[in-house]
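Trainee: Handing you this structure, nothing more for now.
The values are calculated or read from the model by the stated rules, or taken from the named source; none is laboratory data. Predicted model only: the values in this text are computed from it and were never measured. Cβ placement follows ideal geometry from the backbone for every residue including glycine, while neighbour counts extend to all protein chains displayed.
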């Protein structure tokens, strides 16, 4: 007589399935991701969907936008659900001022394009780029490093939750 115990096949199969489930639960595939999408990323992803949309003075729908109509629409329709006024000057009065070195994705960036005061707004994308609506290109990505925008930069505001 041998000292081994024979288990019924059903018990053996059940034990193997349980072992597989437990090992899968502790595998790297089931670990939660540490990173999550930020409010700024959410806003910029939505903004990029409208690249190529034409400019129209007073425009605030996907048919055509002006600069502040674009930012107003993006912040309202993204998960941020923030109501902005339809004026770059009024938008500049909101939020917390941000230094250029501290800019984050989704911050509003403001410019003086009329020679008087704040007259243009865009959404910061990171890496010295922002997305905005221009007369010539409609919704498009712009570079802070271009002389035109550097010379007209007024400031930035953070209206998103941190």
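Trainee: Is it the case that residue 89 is touching a helix residue (DSSP H, G or I) at 6+ places or on another chain (Cβ under 7 Å), within 14 Å of residue 157 (Cβ to Cβ) and either assigned to a strand (DSSP E or B) or at pLDDT 95 or above (or both)?
Mentor: Values: touching a helix residue (DSSP H, G or I) at 6+ places or on another chain (Cβ under 7 Å): no; within 14 Å of residue 157 (Cβ to Cβ): yes; either assigned to a strand (DSSP E or B) or at pLDDT 95 or above (or both): yes.
So residue 89 does not fit the description; no.
Trainee: Tally the residues that are outside any loop (DSSP other than H, G, I, E, B) and either crowded, with 20+ Cβ neighbours inside 10 Å or free of Cβ contacts under 8 Å to residues at least 40 places away in the same chain (or both), restricting the search to region 143-162. Steps first, answer last, please.
Mentor: Applying the first criterion (outside any loop (DSSP other than H, G, I, E, B)) to region 143-162 yields 143, 147-158.
When the remaining residues are screened for being either crowded, with 20+ Cβ neighbours inside 10 Å or free of Cβ contacts under 8 Å to residues at least 40 places away in the same chain (or both), the result is 143, 147-151, 156, 158.
Number satisfying all stated conditions: 8.
Trainee: Report, by residue number, each residue of region 49-63 that is crowded, with 18+ Cβ neighbours inside 10 Å and closer than 8 Å to residue 138 by Cα.
Mentor: Once the filter is applied, which keeps residues that are crowded, with 18+ Cβ neighbours inside 10 Å and closer than 8 Å to residue 138 by Cα, region 49-63 yields 53, 55.
Trainee: Since residue 105 meets every condition but one in (1) without any contact (Cβ under 8 Å) to a residue 24 or more places away in the chain; (2) assigned to a loop (DSSP other than H, G, I, E, B), which condition does it not meet?
Mentor: Every condition holds for residue 105 apart from (1).
Trainee: Additional query: Give 120, 111, 130 a once-over and let me know the one that is within 18 Å of residue 65 (Cβ to Cβ), free of Cβ contacts under 8 Å to residues at least 40 places away in the same chain and touching a helix residue (DSSP H, G or I) at 6+ places or on another chain (Cβ under 9 Å).
Mentor: Details: 120 fails: free of Cβ contacts under 8 Å to residues at least 40 places away in the same chain; 111 fails: free of Cβ contacts under 8 Å to residues at least 40 places away in the same chain.
The conditions single out 130.
Trainee: To continue, here is another question. Take region 108-126 and flag every residue that is touching a strand residue (DSSP E or B) at 6+ places or on another chain (Cβ under 9 Å) and in a loop (DSSP other than H, G, I, E, B).
Mentor: Restricting attention to region 108-126, the residues satisfying the condition of being touching a strand residue (DSSP E or B) at 6+ places or on another chain (Cβ under 9 Å) are 108-114, 117-125.
Of everything in region 108-126, those that are touching a strand residue (DSSP E or B) at 6+ places or on another chain (Cβ under 9 Å) and in a loop (DSSP other than H, G, I, E, B) turn out to be 112, 113, 114, 117, 118, 119.
Trainee: Same structure again: Might you check whether a residue that is at positive phi, assigned to a loop (DSSP other than H, G, I, E, B) and within 18 Å of the chain's Cα centre (by Cα) occurs anywhere in region 59-80?
Mentor: no
Trainee: With the structure loaded, tell me whether residue 140 is assigned to a strand (DSSP E or B), modelled with pLDDT of 95 or more and within 18 Å of the chain's Cα centre (by Cα) or whether it fails that test. Lay out the reasoning, then the answer.
Mentor: Numbers: assigned to a strand (DSSP E or B): yes; modelled with pLDDT of 95 or more: yes; within 18 Å of the chain's Cα centre (by Cα): yes.
Yes, satisfied.
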